[in-house]
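Take a look at the structure set out below.
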Amino acid sequence: MKFTVITKNLQQGLNTVKNIVGKNLNLPILNTVLLTTKNNQINLSTTNLELGINYFLSSTNEAEGKTAVPVKIFSDFISNIKDEKIDFSLKDNILNIQSNNFKTKFICFDSKDFPLIPKIKNESLVVLPSKILKNSLSSVFDSVSLSQTRPELGGVFVNFNKNKIYFASTDSFRLTEKVISTDSKKQVSVIIPRNTVAELIRILSDHEKDISISMEENQIQFSSDNFEIISRLIEGRYPDYQKVIPIKSISQILFKKEDLQNNIKLAGLFSSNINDIGLRVDKKEIVVFSKNSDRGEFNSRIKNNSNNQVEDPFEVLLNYNYFVDGLKNMPSEDIVFEYTGEGAPIILKPNDSEINLTYLIMPLKT
């Protein structure tokens with residue numbers, strides 16, 4: 001194994017694959033990145049047995065081969081190199097690295113011990129712009145359950161329909177649904193694990209090209225021109241969440257997102273140990289309030305400029321953190337706040353008919 005690679009390209013590849021490994025004490029091979037050279041290309045591979053990432057970059061190869069390098073020290077070392085190119089050669093599981101200004105050696109693992117990352121050969125189910133996929137996943141990510149009691153809620157539910165894709169998540173206290181228009185070659189529903197979604201959001205943040213999505217049995221693959229992400233899917237039946245979303249609302253109030261965010265954050269400073277803040281709404285104004293026996297209390301008033309006037313005043317208590325998360329992911333300056341009745345869910349939506357995003361919060365009991 002002998003090759004030369006441009007430093008910045010290798011740095012970018014390692015930054016893409018390194019996050020999912022490096023913490024396994026029982027299987028040291030899972031703390032490595034597999035380097036594979038073939039046809040003037042390097043494949044960087046990492047896996048935690050549930051998620052695998054392949055990253056491809058160009059190189060000049062004199063001799064092909066494979067080796068597994070401890071990913072943390074290797075990535076830290078390469079990230080600090082300033083030379084334009086680096087030369088690599090492997091002999092007896094020792095990786096020799098050399099450039100104009102340094103020479104070093106890494107003790108490697110036998111590549112035969114590296115787990116096989118599955119390759120999905122089925123045709124693409126759908127191709128999406130990376131920005132649309134990333135924004136859709138980001139919109140629903142906060143509502144994914146962290147509890148282990150219901151494994152099916154520990155991921156993002158994705159329903160590939162003929163003309164639309166539905167992204168949804170819930171932790172039983174809140175629910176988010178994002179819908180985008182597209183053409184899918186197959187109607188199928190899957191649950192993508194939370195950790196996979198987090199890695200996709202991170203990687204797609206710096207990616208501009210289209211993403212192809214394909215599936216095979218209990219695996220899903222997201223691929224572009226220079227990487228592949230292959231993940232297991234969560235088994236189980238996702239709840240029929242759409243039955244929870246109210247069809248009609250009693251009152252609709254239009255807020256400026258920035259105004260509401262500022263008042264909610266201030267109220268959060270005085271929320272109690274259950275993170276509760278309240279909204280009291282009538283025809284003239286909206287009062288945001290909170291009270292803490294150790295810190296004090298907070299009240300702010302916002303003029304009600306909604307075209308749809310509130311017929312009956314109402315008051316609702318909401319979890320501060322859930323409220324902030326919902327507002328954070330609303331991609332519009334104006335937010336529609338829907339009251340659907342006492343004890344019923346509160347709904348937040350962007351005031352833009354072209355953005356199909358719904359965020360639902362269950363109120364706290366008074």
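The values are calculated or read from the model by the stated rules, or taken from the named source; none is laboratory data. The model shown is predicted, which means the values in this text are computed figures rather than measured ones. Virtual Cβ from ideal backbone geometry, glycine too; neighbours counted across all protein chains shown. Just so you know, the surface numbers come from the protein's heavy atoms only, side chains and all, with ligands and any DNA or RNA stripped out. Shrake-Rupley method; radii C 1.70, N 1.55, O 1.52, S 1.80 Å.
Things worth noting here:
- Selected residue (criterion: nearest to residue 74 (Cα to Cα)) from residues of segment 35-52 that are open to solvent by 20 Å² or more (accessible area, probe 1.4 Å) and within 26 Å of the chain's Cα centre (by Cα): 43
- Within segment 75-96, being open to solvent by less than 50 Å² (accessible area, probe 1.4 Å), outside any strand (DSSP E or B) and out of contact with any Leu (no Cβ under 7 Å at 6 or more places or on another chain) holds for 81, 83.
- Residue selected from segment 142-165 under the condition more than 17 Å from the chain's Cα centre (by Cα) and of a type in the set (D, E, K, R), by the criterion modelled with the lowest pLDDT: 162
- Residue check, residue 279 in a helix (DSSP H, G or I) and either modelled with pLDDT of 90 or more or among the polar types (S, T, N, Q) (or both): no
- Of all residues making up segment 183-199, the number that are touching a strand residue (DSSP E or B) at 6+ places or on another chain (Cβ under 6 Å), under 28 Å from residue 17 (Cβ atoms) and either surrounded by fewer than 17 Cβ atoms within 10 Å (Cβ to Cβ) or not β-branched (Val, Ile, Thr) (or both): 3
- Strands (runs of 3 or more DSSP E) wholly inside segment 123-193 that include at least 2 residues being β-branched (Val, Ile, Thr) and under 20 Å from residue 240 (Cα atoms): 155-160, 164-170, 174-181, 188-193
- Here residue 321 meets each of (1) assigned to a loop (DSSP other than H, G, I, E, B); (2) closer than 23 Å to residue 169 by Cα; (3) open to solvent by 50 Å² or more (accessible area, probe 1.4 Å); (4) in contact (Cβ under 8 Å) with a residue 12 or more places away in the chain with one exception, condition (1).
- Residues in segment 227-256 that are surrounded by 17 or more Cβ atoms within 10 Å (Cβ to Cβ), in a loop (DSSP other than H, G, I, E, B) and either modelled with pLDDT of 95 or more or within 20 Å of the chain's Cα centre (by Cα) (or both): 233, 234, 238.
Residue-wise test of (1) in contact with a strand residue (DSSP E or B) (Cβ under 8 Å, 6 or more places away or on another chain); (2) modelled with pLDDT of 90 or more; (3) surrounded by 19 or more Cβ atoms within 10 Å (Cβ to Cβ); (4) not in a loop (DSSP other than H, G, I, E, B).
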site: 300; (1), (2), (3), (4): yes, yes, no, yes
site: 306; (1), (2), (3), (4): yes, no, no, no
site: 309; (1), (2), (3), (4): no, no, no, no
site: 331; (1), (2), (3), (4): yes, yes, no, no
site: 335; (1), (2), (3), (4): yes, yes, yes, yes
site: 343; (1), (2), (3), (4): no, yes, no, no
site: 349; (1), (2), (3), (4): yes, yes, yes, yes
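- Positions within segment 106-139 being surrounded by fewer than 17 Cβ atoms within 10 Å (Cβ to Cβ) and charged (D, E, K, R), in sequence order: 110, 112, 113, 119, 121, 123, 131
- Every residue from segment 79-119 that is among the basic types (Lys, Arg) and over 20 Å from residue 47 (Cβ atoms): 82, 85, 91, 103, 105
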